[in-house]
Amino acid sequence: GNVVVENINLPYLSNSQLTKFRREHIAFIFQQYHLLNNITGYENVETGAILCKHNDKESQIDLKKMFVEFELEDVMYKYPSQMSGGQQQRISIMRALAKNSNIIFADEPTGALDKKTGIIVMELLKKINQEQGKTIIMVSHDPDVIKYAKRTIYLNKGKIIKDERLNN
């Protein structure tokens, strides 16, 4: 079959071409954060910016401003072990955003968070989608995240059982 993303038919790419495509077009938010423990929150976010496909100043994201927007100025220079789970997850999201990709895959981004922090994370993702036009593809078992989605696809044993567009 065909899987066309950004006008590129992915099944016909070699492994190295797929790696390059992912590096240039996709960012990931992991359920378990995958922060680098031996560097600060700022440096973790900066790793996303280093992988950014855009080198012009206009496309670069102001990382310090992002820390203010995410209300994380106080952990900018702390290590992950000095942060709460919610702070680590927001750092993980910021790292994905710093990459400035058009497509963001999020694997259970609220799965390891308390309800209040989960709402904060979902509101941030919704804002990113609406204000920056980023496509967010999320996997979740949490029915509460549906209210943030524009489209929900339900799977059972690898098959689509329901596909609905929402007015969110």
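Taking Leu124 and the conditions (1) of a type in the set (A, V, I, L, M, F, W, C); (2) surrounded by 15 or more Cβ atoms within 10 Å (Cβ to Cβ); (3) under 23 Å from Lys20 (Cα atoms), which numbered condition does it fall short on, given that it satisfies the others?
(3)
Listed residues Thr117, Thr47, Thr110; which is more than 24 Å from Gln130 (Cβ to Cβ), surrounded by 13 or more Cβ atoms within 10 Å (Cβ to Cβ) and in contact (Cβ under 8 Å) with a residue 12 or more places away in the chain?
Thr47
Which number in (1) within 30 Å of Ala112 (Cα to Cα); (2) at pLDDT 90 or above marks the one condition that Ala49 misses?
Evaluating Ala49 over (1) within 30 Å of Ala112 (Cα to Cα); (2) at pLDDT 90 or above leaves (2) as the failure.
Inside segment 84-99, can you point out the residues that are open to solvent by 20 Å² or more (accessible area, probe 1.4 Å) and either under 10 Å from the mean Cα position of the chain (by Cα) or more than 25 Å from His25 (Cα to Cα) (or both)?
Ser84, Gly85, Gln87, Arg90, Arg95, Lys99
Looking only at segment 103-118, which residues are under 10 Å from the mean Cα position of the chain (by Cα) and either at pLDDT 90 or above or of a type in the set (S, T, N, Q) (or both)?
Result: Ile103, Ile104, Phe105, Ala106, Asp107.
Only one of (1) modelled with pLDDT of 95 or more; (2) open to solvent by less than 90 Å² (accessible area, probe 1.4 Å); (3) part of a strand (DSSP E or B) fails for Thr152. Which number is that?
Thr152 satisfies all of (1) modelled with pLDDT of 95 or more; (2) open to solvent by less than 90 Å² (accessible area, probe 1.4 Å); (3) part of a strand (DSSP E or B) except (1).
Please go through (1) under 27 Å from Lys147 (Cβ atoms); (2) modelled with pLDDT of 85 or more; (3) buried (at least 16 other Cβ atoms within 10 Å of the Cβ) for Glu131 and return the number of the only condition it doesn't satisfy.
That leaves (3) as the condition not met.
Can Ile61 be described as modelled with pLDDT of 90 or more and either part of a loop (DSSP other than H, G, I, E, B) or closer than 14 Å to Ile120 by Cα (or both)?
Criteria not met by Ile61.
Please specify each residue of segment 135-149 satisfying the condition of being open to solvent by less than 80 Å² (accessible area, probe 1.4 Å) and under 25 Å from Ser84 (Cβ atoms).
Scanning segment 135-149 gives Ile136, Met138, Ser140, Asp142, Asp144, Val145, Tyr148.
Every residue in segment 1-40 that is under 20 Å from Ala98 (Cα atoms), open to solvent by less than 80 Å² (accessible area, probe 1.4 Å) and not small (Gly, Ala, Ser), please.
Those that are under 20 Å from Ala98 (Cα atoms), open to solvent by less than 80 Å² (accessible area, probe 1.4 Å) and not small (Gly, Ala, Ser): Thr19, Phe21, Glu24, His25, Ile26, Ile29, Phe30, Gln31, Tyr33, Leu35, Ile39, Thr40.
Report, by residue number, each residue of segment 114-148 that is part of a helix (DSSP H, G or I) and among the basic types (Lys, Arg).
Within segment 114-148, Lys115, Lys116, Lys126, Lys127, Lys147 meet the criteria.
The values are calculated or read from the model by the stated rules, or taken from the named source; none is laboratory data. Computed from a predicted structure; not experimentally measured. With ideal geometry, Cβ positions are generated from the backbone for all residues, glycine too; neighbour counts draw on all protein chains shown. Calculation scope for accessible area: heavy atoms of the full protein, side chains included, ligands and nucleic acids excluded. Shrake-Rupley method; radii C 1.70, N 1.55, O 1.52, S 1.80 Å.
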